[in-house]
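Enquirer: This is the structure I want to talk about, given as structure tokens.
The values are calculated or read from the model by the stated rules, or taken from the named source; none is laboratory data. Remember, it's a predicted structure, so these values are computed and weren't measured experimentally. All Cβ positions, glycine included, derive from the backbone under ideal geometry; neighbour counts span all protein chains shown.
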Amino acid sequence: MLLIRCPYCETARPEVEFRHGGEALMERPRDPSRASDAEWIDYLYMRRNPKGPHAERWRHVHGCGRFFNCLRDTVSDRIVVTWRAGEPVPEVTDGDGA
Ligand SMILES: [Zn+2]
């Protein structure tokens, strides 16, 4: 079982308290009315699905209820770092994690 550190509660809790919210750091077109159909489809449906570090949104549904960002390695399933929504991506040093 994964232990995920909620950046708001500042504790590592079991993954059953959380819900995955998809890819993080998606950039919404500035003016959706001017976006082409292809740009809008890319924004709504296309995701990177990388092998390795992946920025994701998670929600602490059985805790504080807040959304936050998480960098998770999709190969090892290791949580590298979590940070509050709206804050810059933290600098990752070896040993950071859940
Ligand atoms: Zn929390």
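Enquirer: If the requirement is being surrounded by 12 or more Cβ atoms within 10 Å (Cβ to Cβ) and of a type in the set (Lys, Arg), which of these qualifies: Arg47, Arg72? Show your work before the answer.
Expert: On the way: Arg47 fails: surrounded by 12 or more Cβ atoms within 10 Å (Cβ to Cβ).
Testing whether each residue is surrounded by 12 or more Cβ atoms within 10 Å (Cβ to Cβ) and of a type in the set (Lys, Arg) leaves just Arg72.
Enquirer: Examine the stretch 10-20 for a residue that is under 12 Å from the mean Cα position of the chain (by Cα), closer than 20 Å to Glu91 by Cα and either of a type in the set (Val, Ile, Thr) or surrounded by 15 or more Cβ atoms within 10 Å (Cβ to Cβ) (or both), and state whether such a residue exists.
Expert: Looking only at the stretch 10-20, we keep the residues that are under 12 Å from the mean Cα position of the chain (by Cα), and these are 18-20.
From what's left, closer than 20 Å to Glu91 by Cα: none.
Among the residues of the stretch 10-20, not one is under 12 Å from the mean Cα position of the chain (by Cα), closer than 20 Å to Glu91 by Cα and either of a type in the set (Val, Ile, Thr) or surrounded by 15 or more Cβ atoms within 10 Å (Cβ to Cβ) (or both), which makes the answer no.
Enquirer: For the subset of the stretch 44-90 comprising residues that are more than 16 Å from the ligand (Cβ to nearest atom) and touching a Pro at 6+ places or on another chain (Cβ under 6 Å), which member is farthest from Glu17 (Cα to Cα)?
Expert: Step one: filter the stretch 44-90 for residues more than 16 Å from the ligand (Cβ to nearest atom), giving 44-55, 71-78, 80, 88-90.
Remaining after also requiring touching a Pro at 6+ places or on another chain (Cβ under 6 Å): 71, 73.
Values: Leu71: 18, Asp73: 20 Å.
If we take residues in the stretch 44-90 being more than 16 Å from the ligand (Cβ to nearest atom) and touching a Pro at 6+ places or on another chain (Cβ under 6 Å), then Asp73 is farthest from Glu17 (Cα to Cα).
Enquirer: Sticking with this one: What pairs come out if I take residues in the stretch 75-89 that are within 16 Å of Thr11 (Cα to Cα) and pair them with residues that are assigned to a loop (DSSP other than H, G, I, E, B) and at pLDDT 95 or above whose C-beta lies under 6 Å away, six or more apart or interchain?
Expert: From residues that are within 16 Å of Thr11 (Cα to Cα), the pairs are Thr82/Pro7; Trp83/Pro7; Arg84/Pro7.
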